[in-house]
1. Only one of (1) more than 15 Å from the chain's Cα centre (by Cα); (2) among the small types (G, A, S); (3) on the phi > 0 side of the Ramachandran plot is not met by G102, so which one is it?
2. Which one of these is open to solvent by 60 Å² or more (accessible area, probe 1.4 Å), in contact with a Leu (Cβ under 8 Å, 6 or more places away or on another chain) and either at pLDDT 95 or above or among the hydroxyl-bearing types (S, T, Y) (or both): F91, F58?
3. Look at P53 and say whether it is open to solvent by 30 Å² or more (accessible area, probe 1.4 Å) and under 30 Å from S325 (Cα atoms).
4. Looking at the stretch 274-297, which of its residues are more than 12 Å from the chain's Cα centre (by Cα), assigned to a helix (DSSP H, G or I) and crowded, with 24+ Cβ neighbours inside 10 Å?
5. Being among the aliphatic types (A, V, I, L, M) and under 22 Å from the mean Cα position of the chain (by Cα) is the filter; apply it to the stretch 1-33 and report the residue that is surrounded by the fewest Cβ atoms within 10 Å (Cβ to Cβ).
6. Quick one: in the stretch 230-259, of everything that is free of Cβ contacts under 8 Å to residues at least 40 places away in the same chain and touching a helix residue (DSSP H, G or I) at 6+ places or on another chain (Cβ under 9 Å), which residue is surrounded by the most Cβ atoms within 10 Å (Cβ to Cβ)?
7. Could you check the stretch 75-131 and list, in sequence order, the residues that are touching a Phe, Trp or Tyr at 6+ places or on another chain (Cβ under 7 Å) and closer than 21 Å to F272 by Cα?
8. Any residue in the stretch 44-56 that is of a type in the set (V, I, T) and under 20 Å from the mean Cα position of the chain (by Cα)?
Amino acid sequence: MPAVRLFPPDRFFDRAEWSAITRASSWRGIWLVAHAWIVSIALVGLAAWSQNPAAWLFAIIFVGGRQLGLAILMHDAAHGALHPNRKINNFLGQWLTGAAVGSDLIAYRTYHLQHHKFTQQPEDPDLSLSKPFPTTRASLGRKVLRDLTGQTFFKQRAAQFGFAFVGLKAMLRGEQGQKSGASTKAGTPFNKQSDDGMTSPTIDVAGAMTVARAVGRFLIVQAVLLTLSLALYGWTPYLLWLAGLATTFQLYLRIRNIAEHACTTTGSDDPFTHARTTHAGWLARATVAPYWVNYHAEHHLFMGVPCYRLPQVHAALGRAGRHDSMTIAPGYAAVLRQVTAKPVLSSVEGG
């Protein structure tokens, strides 16, 4: 199918204003990465110090939001919007954000740009995230239960580590992993919520080697965090971090995926229908919508805008009277009600 139609920014912004909006700050992206880590470390550290199970639960609830935030900041780096220096941008996206959740920046960038080019069309690699909706509350409830009990995490990590083992064996044999084109499937775990697992579409040796390198970075970051935890306060801080990664991070990732495209009326001739923007209060921003990821319609309209300037774009579209043309939800609860509107009697899902 044809690529989705892009919307010319000069409809809303003059040249100087557009240049300012799309210019990545030399310090703000670094601060956001630091913020995600500082908040995460403070949450697990204070909870461990308190020795209070209620504080442990509090930490797990909110550290999952910062872990999703690290994934979102990697997404900005994939668009080259986290720092104006490409080397710094890629280092932030590969090591200080993507590695924390086991994702590979370069493979994700290739994959994700395909999503922008063919949003909600058969060629969209993210179509499987929105295609099952609307579904039933029971089906979504079963998925939420799997997320919060760690089943999704362990199933996905088992798939990822399995491919990493294949890639590692190929590396040890000295294979070069030549292929016909750039991989759009490997190393993309933070955007995958399919039952197949986060890297199951990886079928070539080069893709498996990419997964192996992504897993290597993930394990290095986990080893550093565990070492710091043991040196400063024992096992508890790291176990709280890992519990968040295995439970609340998975749930927030799922809700974010659902809110962005499920049950939208996408068409290549109307760029205003490609994604949903969802209003987010403080609790949503602390969990399912960190770092302005809720402005997803604006991101699809103008994907070069850094995340921290998306509210400016939203305001400009409002002043131009275009909010009525967009899919805007009042909150994440409203989105979940909409996507679970499928009658139970008509459902044939195994969910």
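1. Unmet for G102, out of (1) more than 15 Å from the chain's Cα centre (by Cα); (2) among the small types (G, A, S); (3) on the phi > 0 side of the Ramachandran plot: (1).
2. F58
3. no
4. A297
5. From the stretch 1-33, those among the aliphatic types (A, V, I, L, M) are 1, 3-4, 6, 16, 20-21, 24, 30, 32-33; that's our starting set.
Going one step further and asking which of them are under 22 Å from the mean Cα position of the chain (by Cα), we end up with 4, 24, 30, 32-33.
Working: V4: 22, A24: 22, I30: 15, L32: 25, V33: 24.
Result: I30.
6. That would be L242.
7. Hits for the stretch 75-131 are D124, P125.
8. no
The values are calculated or read from the model by the stated rules, or taken from the named source; none is laboratory data. A quick note: this is a predicted structure, and the numbers were derived from the prediction, not measured. Cβ atoms come from the backbone with ideal geometry, glycine included; neighbour counts cover every protein chain shown. Surface accessibility is based on the protein's heavy atoms, side chains included, excluding ligands, DNA and RNA. Shrake-Rupley method; radii C 1.70, N 1.55, O 1.52, S 1.80 Å.
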